[in-house]
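Report on one structure; see the data block that follows.
The values are calculated or read from the model by the stated rules, or taken from the named source; none is laboratory data. Bear in mind that the values here come from a model prediction, so they are computed numbers and not experimental data. Positions of Cβ are generated from backbone atoms using ideal geometry, with glycine treated the same way; all protein chains shown enter the neighbour counts.
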Amino acid sequence: MPAPIEYVDNMQDHWWWRPGWQAGRHYYACHFAIGEHAELAELAWRYQEALRTFPALDLIPSTWLHLTMQGIGFLDDLDDEQVARLSHGIRERLAELPAPVVTFHRPVVRKEAVYLPADPPAPIAAVRDAVRDVLAHVLGEDNAELAPGRVQSFRPHVSVAYSNAAQPAEPIAAALEQVEAEPVVVHLDHVGLLEFHRDHRMYEWTRSEPVRIGR
């Protein structure tokens, strides 16, 4: 018998304009772009099939599936030298680390998204810590993305759907519980330095620079 789906009482709109965001503005981040991992994309699709009757959920196409790891900043706040130093530094640091091997299985329903948690989280957190060290070196310790509170709340995951309105979560969890799916083990051997926008109620990158983990 599959484990019960973890869920909140109510969901809310994910697409409110967070500070700094506006139409046409692009963001720079270091995330795992995972649409190329066929078995994980298939697992996400299986759960998405159970969610197609919920109009207030935006299902994420495999092209844009990602594991959110570390934001860097808006592109118009970064100069070319900073971007080059970040890319070089992240490449050097991640070459020294082992690539995370994690498992995805049952989704959870959170306030703004349905997502697949990565287990164990520690290997991904180690990659994130290395990236954050580079950011602190290049951009300074006072960078907003390095606030301590963000570390404690980090739960690595791959979202399969975003909520676009206030709605109860229990019916969504009930639909997900009907899905039978096996766990998927993924070897995350590279991250992406991504430039993306959110103009169309989706995170869509216009540039992706792969960075290998390990040698």
(message) Among the residues in region 18-28, are any among the polar types (S, T, N, Q) and crowded, with 19+ Cβ neighbours inside 10 Å?
(response) no
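Residues checked against (1) over 19 Å from residue 184 (Cβ atoms); (2) not in a strand (DSSP E or B):
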residue	(1), (2)
32	no, no
46	no, yes
58	yes, no
98	yes, yes
(request) Scan region 34-44 residue by residue and report those that are in contact (Cβ under 8 Å) with a residue 24 or more places away in the chain and in a loop (DSSP other than H, G, I, E, B). (result) 34, 35, 37
(request) Name the residue, out of 179, 191, 151, that is closer than 22 Å to residue 126 by Cβ and at pLDDT 95 or above. (result) 191
(message) One residue is enough: does region 128-148 have a residue meeting the conditions exposed (fewer than 15 other Cβ atoms within 10 Å of the Cβ), touching a His at 6+ places or on another chain (Cβ under 6 Å) and either at pLDDT 95 or above or of a type in the set (Gly, Ala, Ser) (or both)?
(response) no
(request) Identify the residue in region 74-87 that is of a type outside the set (Asp, Glu) and out of contact with any helix residue (DSSP H, G or I) (no Cβ under 7 Å at 6 or more places or on another chain) and, among all such residues, is surrounded by the fewest Cβ atoms within 10 Å (Cβ to Cβ). (result) 84
(message) With under 15 Å from the mean Cα position of the chain (by Cα), over 30 Å from residue 2 (Cβ atoms) and either among the aromatic types (Phe, Trp, Tyr) or buried (at least 18 other Cβ atoms within 10 Å of the Cβ) (or both) as the only criterion, which of 197, 157 stands out?
(response) 197
(message) Need the failing condition index for residue 53 against (1) more than 27 Å from residue 129 (Cα to Cα); (2) touching a Ser or Thr at 6+ places or on another chain (Cβ under 9 Å); (3) surrounded by fewer than 14 Cβ atoms within 10 Å (Cβ to Cβ), just the number.
(response) (2)
(request) Evaluate region 88-100: report whether one residue or more is touching a helix residue (DSSP H, G or I) at 6+ places or on another chain (Cβ under 9 Å) and within 25 Å of residue 5 (Cβ to Cβ). (result) yes
(message) Residue under question is residue 52, and the condition is that it be modelled with pLDDT under 95, in a loop (DSSP other than H, G, I, E, B) and more than 22 Å from residue 138 (Cβ to Cβ); does it hold?
(response) no
